[in-house]
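Taking it in order: structure first as structure tokens, then the write-up.
The numbers here are math on the coordinates, done by the rules we state, and not lab data. Everything numeric here is computed off the predicted structure, so don't read it as measured data. Every residue, glycine among them, receives a Cβ derived from its backbone with ideal geometry; neighbour counts consider all protein chains shown.
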Amino acid sequence: KNQVEQSPQSLIILEGKNCTLQCNYTVSPFSNLRWYKQDTGRGPVSLTIMTFSENTKSNGRYTATLDADTKQSSLHITASQLSDSASYICVVSAWEDSSYKLIFGSGTRLLVRP
Amino acid sequence: DTAVSQTPKYLVTQMGNDKSIKCEQNLGHDTMYWYKQDSKKFLKIMFSYNNKELIINETVPNRFSPKSPDKAHLNLHINSLELGDSAVYFCASSQELADYNYGYTFGSGTRLTVV
């Protein structure tokens, strides 16, 4: 069964610190992997998209890595800011039953404290 | 502003009522979606339309009926609302169905509460 699991479920860090969020997936065949940021009361916003052949991709202070062999991805946030407080969702896309689908993790809830 | 906009943002209604949620995108995208985000925060696809044609229809009750009058609009009508329908519903759009290179653009959600 295609699944995406994220850890930790929630995380609290101090402003200015770095953190790393994890994503493991059992999706096959894999198409691409995305990280989204979802602020409270808003829709998810795309941070990075990586295909099978990409190992790392950056978007400002956000750096995503992908190991397609172990089916793991991480999102590293550098020098965290209060505005980074949000849920971070790992999404893997695949062709399932002849349909192209996004399979969502349940997210990591990050709280950045001053 | 180029965006996916959905209305209303909040909807509180009684069991048994019929309600609609509207969605519009001005991004020129060909594909639109409805997702449901449950209490555990998982987002699950409900429907997908490509150029006004239904492409994906996941296992959702027949009480849910999407309607796409044109490719910029995808509305969701729900009949005979039940307590279990309470969730946040997100509309989204993408350039094409298998959008390899670009992310999906999501609306800000409609929080539906059935009492």
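Please enumerate, by chain and number, the lysines with C-alpha under 22 Å from the C-alpha of A:K17, excluding those fewer than 8 residues away in the same chain.
A:K37, A:K57
Longest exposed-loop-site-free stretch of chain B, with trypsin sites (Lys or Arg not before Pro), DSSP loop and at most 15 other Cβ within 10 Å?
B:64-115
For B:V12 and B:E82 in one chain, what is 0.36 nm times their gap in residues minus the Cα-Cα distance, to one decimal in nm? Could you put the intermediate results ahead of the total?
Working: separation 70, 0.36 × 70 = 25.20 nm, distance 1.19 nm.
Gain on stretching B:V12 to B:E82: 24.0 nm.
Taking the Cα centre of each part, how many Å lie between region A:21-65 and region B:5-52?
Region A:21-65 and region B:5-52 have Cα centres spaced 23 Å from each other.
Applying 1/(1 + (r/R0)^6) with R0 = 30 Å to the Cβ-Cβ distance of B:N57 and A:L111, what FRET efficiency is obtained, to the nearest 0.05?
Using R0 = 30 Å, I get an efficiency of 0.20.
Would you check chain B for Lys pairs whose C-alpha atoms are within less than 18 Å, ignoring same-chain pairs closer than 8 in sequence, and give me the count?
For chain B, qualifying lysine pairs total 14.
Calculate the dipole size of the protein assembly as shown relative to its Cα centre from +1 charges on Lys and Arg beta carbons and -1 charges on Asp and Glu beta carbons; express the result in debye to the nearest 20.
Details: 23 positive and 21 negative charges, 117 e Å.
For this selection, approximately 560 debye.
Residues of A:96-107, mean number of Cβ from any other protein chain within 10 Å of their own Cβ, rounded to a whole number?
Partner-chain Cβ atoms within 10 Å, mean over residues of A:96-107: 5.
Which GluC sites (Glu not before Pro) in region B:6-115 sit in a loop by DSSP (not H, G, I, E or B) and have at most 16 other Cβ atoms within 10 Å of their own Cβ?
Numbers: sites: B:E24, B:E53, B:E58, B:E82, B:E96; in loops: B:E58, B:E82, B:E96.
Here the GluC sites (Glu not before Pro) that fit, given the DSSP loop and packing criteria, are B:E58, B:E82, B:E96.
If you wrap a convex hull around the alpha carbons of chain A, what volume per residue comes out, as a whole number of Å³?
Spelled out: Cα convex hull of chain A, divided by residues, is 93 Å³.
Would you kindly derive the ³J(HN,Hα) couplings of region A:70-78 from the backbone phi angles with the Karplus curve 6.51 cos²θ - 1.76 cosθ + 1.60 (θ = phi - 60°), listing them in order in whole Hz, with x for Gly and Pro?
Here the 3J(HN,Hα) series is 8, 6, 10, 9, 9, 10, 9, 10, 9 Hz.
By the 4.7 Å beta carbon criterion, which cysteine residues of chain A come out unpaired?
A:C19
Please list, by residue number, every one of the chymotrypsin sites (Phe, Trp or Tyr not before Pro) in region B:27-115 that is coil in DSSP and has at most 15 other beta-carbon atoms within 10 Å.
Values: sites: B:Y33, B:W34, B:Y35, B:F42, B:F47, B:Y49, B:F64, B:Y89, B:F90, B:Y100, B:Y102, B:Y104, B:F106; in loops: B:F42, B:Y100, B:Y102, B:Y104.
The qualifying sites are B:Y100, B:Y102.
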